[in-house]
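Quick notes on the structure that follows.
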Amino acid sequence: MVDKKRKHPKEIIKAEANSLNFFYADGTQALKKISLPVYENKITALIGPSGCGKSTFLRCFNRMHDLYPGNKYDGEIILHPDNTNILDKRVDPIEVRMRISMVFQKPNPFPKSIYENVAYGLRVRGERNKRVLDDKVEEALKGASLWDEVKKRLHDLAFNLSGGQQQRLCIARALATDPEIMLFDEPTSALDPIATMNIEELMAGLKEKLSILIVTHNMQQAARISDYTAYMYLGELVEHDETDKVFTNPSKKETEDYITGKFG
Amino acid sequence: MANDKKVDIENNLTLIRSLIAKHKRHDHIFAGVGMFVIISLTITLLVLFLDLVFDGYPRFNLDFLTNFPSRRATAAGILSAWVGSSLVLIVTFFAAVPLGIAAGVYLEEYAKKNWFSDLIEINVTNLAGVPSIIYGLLALGLFVYGFGLGQTILTAGLTLALLMLPIVIVATREAIRAIPIHIREAAYAVGATKWQVSLHHVIQYSYGGILTGVIIGMARAIGETAPVITIGALTFIAFLPPSPVGLEPPFINFEWLEAGFTVLPIQMFNWISRPQMAFHVNAAATGAIIILLTLLMNGLAIKIRYNIRKKIKW
């Protein structure tokens, strides 16, 4: 894993994409030769204008594209420390999703109770022991800073929560299975500023335990919370570096134009 | 100058107002036509129903429900018919519902979209429109003679199940399609398999729609006459099939499946084809009961759908 050419030698690589191409079923190439590391216990933010492929890239990490026929990956995403290429056809996408969880743009709790939402990932894994489930649910809800608000109504329907609470519930659901990486696809774009702040604080705490890859439309958000930032444009990776550097001294003209608002 | 501008605005306003008035007229005309259609349909149904009720009124008593058919019109009842209808519907339910739901889930969640699934789709939709007598002929050839099931409750139940199957399949698929994609993705994202997604989510969130389809299908099956006549239901029957539940172990028996039977619409048809007016009263009373049952079942379907829509809002 130690590579002399590596830009950030002090970081541990948790996952890395190597010349990843991605084609949608209609033949359009959404990702072009993307190589990008995701560092352990760091937040990596993906920014770029709409349609640049950042969500497509994120969804490669849990093989979400497999759900729809005709999509094609080319290249690899290596998950460390076991060096599994998670895009390999022989690797079961379900195994990948059990290691890498995801939080979506719009809060999408199941129409079940708060408890069942959080416990679902464990139930899928066959966990039936009520004590284990109770403990894990509590732990996950605490991890998502939601426990105090819902501990008295765990068996209420999740739809009765506010939008921000629902999104934290989705984070708890993604957290309950102890993932190695968590993917966030614009997790705050449907939320108000206070709920957004809660979730940003939450992410800062989460990275102690796992690695985070987040797509965001909001450049201030990327600057506030991420350690590394990748700027994508038209399916290509333009620049990837420490967030401070990308925002204060980008090495590429395109990046500078985008972050200063000349374009995008 | 200022005066000119004021006149301009006033002219403009008159124009806008006349436009709005014109467009609103379209609203009123459409609402009127719609209302007329709905009311005339409702009144037609109501008149038919009330006509049956008035004609059959003398027979609305408990004896009518507990008597076997008889040569004397006033002593005749629909006991064997309603018991037959109920038993046939039980078979229909247990045959059509699991198959229909399974087929719907398979088509929506598992089947690859290609020419073959298109072909199945067209066929299923078509089946819903096939005249019921065709199902009767199919059942006569397949169940009665092919499988040697005879002219029994089992045969009738399976025949009506064929009739109901496309309704259940279509209802299941429609209900499944109403589940938003992001809920499905959320389940897959935590590592669920297709089967887990189908069982824990798809079926659970769509059962309101499925149930509606099931009830509407049953309401159709209860009034079906042609296919049941084709397979040879008896028209005069003065005994009951063996009871499905008993007082002695094993408490449940399946002998009734092989019994001869009649159903409500056949009983009605039988009475109406007699020359004596007294039997026509019986037919009207039976007709009123069939319509009442259908109304009750459809009402139940609407109620269930309403309750579930209140609970699950995407």
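Scanning the stretch A:56-68 for residues that are among the hydroxyl-bearing types (Ser, Thr, Tyr) and buried (at least 19 other Cβ atoms within 10 Å of the Cβ) turns up just one, A:Thr56.
When we screen A:Gly51, A:Gly75, A:Gly27, A:Gly126 for residues that are under 22 Å from A:Leu175 (Cβ atoms) and surrounded by fewer than 23 Cβ atoms within 10 Å (Cβ to Cβ), the only hit is A:Gly126.
Residue-wise test of (1) of a type outside the set (Ser, Thr, Tyr); (2) under 26 Å from the mean Cα position of the chain (by Cα); (3) over 30 Å from B:Leu79 (Cα atoms).
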position: B:Asp4; (1), (2), (3): yes, no, yes
position: B:Asp8; (1), (2), (3): yes, no, yes
position: B:His28; (1), (2), (3): yes, no, yes
position: B:Val37; (1), (2), (3): yes, yes, yes
position: B:Thr42; (1), (2), (3): no, yes, yes
position: B:Leu45; (1), (2), (3): yes, yes, no
position: B:Pro58; (1), (2), (3): yes, no, no
position: B:Leu62; (1), (2), (3): yes, no, no
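In the set (1) crowded, with 23+ Cβ neighbours inside 10 Å; (2) part of a helix (DSSP H, G or I); (3) within 13 Å of chain B (Cβ to nearest Cβ), A:Phe159 fails one condition alone, (1). In the stretch B:256-280, of all residues being buried (at least 16 other Cβ atoms within 10 Å of the Cβ) and in contact with a Phe, Trp or Tyr (Cβ under 8 Å, 6 or more places away or on another chain), the one that is nearest to the other protein chains (Cβ to nearest Cβ) corresponds to B:Leu264. Could you tell me whether the stretch A:173-187 includes any residue that is in contact with a Pro (Cβ under 8 Å, 6 or more places away or on another chain), within 14 Å of chain B (Cβ to nearest Cβ) and modelled with pLDDT of 90 or more? Looking through the stretch A:173-187, at least one residue is in contact with a Pro (Cβ under 8 Å, 6 or more places away or on another chain), within 14 Å of chain B (Cβ to nearest Cβ) and modelled with pLDDT of 90 or more. If the condition is being within 14 Å of the chain's Cα centre (by Cα) and buried (at least 23 other Cβ atoms within 10 Å of the Cβ), then the stretch B:168-193 contributes B:Val168, B:Ile169, B:Ala171, B:Thr172.
When the stretch A:104-155 is filtered for residues that are out of contact with any Leu (no Cβ under 7 Å at 6 or more places or on another chain), hydrophobic (A, V, I, L, M, F, W, C) and farther than 16 Å from B:Gln196 by Cβ, the ones remaining, listed by number, are A:Phe104, A:Val132, A:Val137, A:Leu141, A:Leu154.
When you look at B:Ala161, is it farther than 19 Å from B:Ile302 by Cβ, within 14 Å of chain A (Cβ to nearest Cβ) and either at pLDDT 90 or above or within 27 Å of the chain's Cα centre (by Cα) (or both), yes or no? No, not satisfied. Restricted to strands (runs of 3 or more DSSP E) entirely inside the stretch A:31-134, those with at least 3 residues that are in contact (Cβ under 8 Å) with a residue 60 or more places away in the chain and within 14 Å of another protein chain (Cβ to nearest Cβ) are A:100-103.
The values are calculated or read from the model by the stated rules, or taken from the named source; none is laboratory data. Keep in mind the model is a prediction, meaning the values are calculated, not measured. Cβ: placed from backbone, ideal geometry, glycine included. Neighbour counts: every protein chain shown.
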